[in-house]
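Report on the following structure.
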Amino acid sequence: MEPQAISGPGFSITLSPHGGRFSCSTEQTVLDAAIAAGFWLPHSCRNGTCGSCHLPVLEGTVRHDPAAQYAPALPEGQCRSCQAHPVTDLVLGAPGVPREAGRRIVTTGAKVLDVQRTSRDVAVVRLRVPPQSGFGFTPGQYVDVLLKDGSRRSYSMANAPDPDGHIEWHVRRMHGGRFSCHVYDQLKPGAMLRIEGPFGAFGLHPGDAPVVLIATGTGYAPIAALLQAHGPELARRRAVLYWGARALEDLYALDDPDAWQARHPGVRLVPVLSEPDASWQGRSGFVHEVVLADHPDLSGHEVYACGNPLMVEAARARFTGTAQLPATRFHADAFIARH
């Protein structure tokens with residue numbers, strides 16, 4: 001059977017071994033062209049920082065945009081698809097991507113239903129998109145908010161997919177952040193926002209390996225979506241969530257830890273504070289170091305890390321380098337602050 005062809009100008013990109021095919025101009029990145037065609041290549045941050053989008057180049061040549069400041073080293077023979085532009089036709093290794101194109105990107109309005117300021121700097125925003133818009137997502141994905149000046153802000157869905165079009169974001173107020181400050185200080189129910197998505201390939205992979213979930217700050221949002229959508233599966237796989245923050249009040253979803261545990265039976269929660277006060281009797285330090293203290297051998301585990309890109313890359317390096325975690329079992333969604 002011939003591989004599926006997506007018509008259009010530019011170079012041909014073929015995904016091995018299943019044979020999906022799409023076109024990519026020299027001005028597009030490989031990832032942007034793939035997403036536009038409905039092929040979900042592995043990715044997260046889309047700016048070169050997280051390392052999730054590395055793919056083997058089996059045939060052809062690419063050129064790269066300059067790497068992001070915290071970009072992990074690019075393995076020999078691979079491309080960083082969110083920064084790569086084709087110079088020739090390409091064949092890329094993407095065994096997890098099926099032959100048939102899937103869900104495409106949707107641009108739609110979203111109505112704000114509720115805004116709750118749950119901590120000193122985090123707002124939980126609940127919105128609804130029109131059911132007829134065609135928008136849908138899988139747990140772990142995110143959307144871009146389209147601002148009037150053409151800039152974008154990205155937020156993960158923190159809820160399970162909803163047939164009525166409800167979505168939830170966890171927005172941290174960033175000092176000097178034009179959109180995040182507006183959300184925390186001024187956004188009200190009834191407001192309309194323009195969004196585009198879904199994006200991202202972060203999500204729970206099927207299997208039987210025990211699961212370690214690790215989050216910092218609002219990196220909890222995509223983890224919350226996984227917990228809501230896959231709670232029984234995560235409990236079966238003896239999942240443990242390590243949630244790191246500076247102070248207890250920054251763990252904005254833990255007003256009542258017992259209530260949290262009741263909502264997610266079978267999943268163990270380990271709060272970790274890096275700057276605790278004298279009354280704190282729980283775990284402290286860097287969250288990935290606490291994971292290593294509990295799990296010095298991660299060879300049989302699967303890890304899902306979300307939040308600060310420095311934490312994500314430190315966890316990737318330490319887990320795969322000293323704790324024997326297979327690199328293919330480290331899944332990440334690194335959050336990039338944009339003002």
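Brief remarks on what is shown
- Scope region 187-203; condition at pLDDT below 95 and either of a type in the set (S, T, N, Q) or within 14 Å of Phe135 (Cα to Cα) (or both); matching residues: Glu196, Gly197, Pro198, Phe199
- Segments classed as strands (runs of 3 or more DSSP E), wholly inside region 115-190, with at least 3 members that are outside the structural domain of His43 (by TED's automatic domain parsing) and surrounded by fewer than 18 Cβ atoms within 10 Å (Cβ to Cβ): none
- Considered as a group, the residues in region 145-168 that are of a type in the set (Asp, Glu) and modelled with pLDDT under 95 include one that is farthest from Gly203 (Cα to Cα), and that residue is Asp149.
- Filter pass, Cys53 being closer than 20 Å to Ala73 by Cβ, modelled with pLDDT under 80, touching a Cys at 6+ places or on another chain (Cβ under 8 Å) and buried (at least 23 other Cβ atoms within 10 Å of the Cβ): no
- Among (1) within 21 Å of Gly10 (Cβ to Cβ); (2) touching a helix residue (DSSP H, G or I) at 6+ places or on another chain (Cβ under 9 Å), the one test that Cys50 misses: (1)
- Between Gly285, Gly207, the distinction of being closer than 30 Å to Gly38 by Cα and out of contact with any helix residue (DSSP H, G or I) (no Cβ under 6 Å at 6 or more places or on another chain) belongs to Gly207 only.
- Taking residues in region 281-310 that are among the small types (Gly, Ala, Ser), and partners anywhere that are crowded, with 22+ Cβ neighbours inside 10 Å and assigned to a loop (DSSP other than H, G, I, E, B), the pairs with Cβ atoms closer than 8 Å and at least 6 places apart or on different chains are Ser299/Leu325; Gly307/Phe335.
- Selection of region 143-168 for residues being touching a strand residue (DSSP E or B) at 6+ places or on another chain (Cβ under 8 Å) and farther than 17 Å from Thr107 by Cβ yields Ser156, Ala158, Asn159, Asp164, His166, Glu168.
- Options Ala215, Ala201, Ala209, Ala221: the member that is of a type in the set (A, V, I, L, M) and farther than 22 Å from Pro326 by Cβ: Ala221
- Qualifying positions in region 144-199 - in contact with a Gly (Cβ under 7 Å, 6 or more places away or on another chain) and charged (D, E, K, R): Asp144, Arg172, Arg194
- A count restricted to region 314-325 and to residues that are touching a strand residue (DSSP E or B) at 6+ places or on another chain (Cβ under 9 Å) and under 10 Å from His288 (Cβ atoms) stands at 3.
- The set of residues from region 283-339 being modelled with pLDDT under 95, within 13 Å of Ser52 (Cβ to Cβ) and of a type in the set (Gly, Ala, Ser) comprises Ala327, Ala332, Ala334.
The values are calculated or read from the model by the stated rules, or taken from the named source; none is laboratory data. No experiment lies behind these values; they were computed from the predicted model shown. Backbone-built Cβ (ideal geometry, glycine too); neighbour counts: all protein chains shown.
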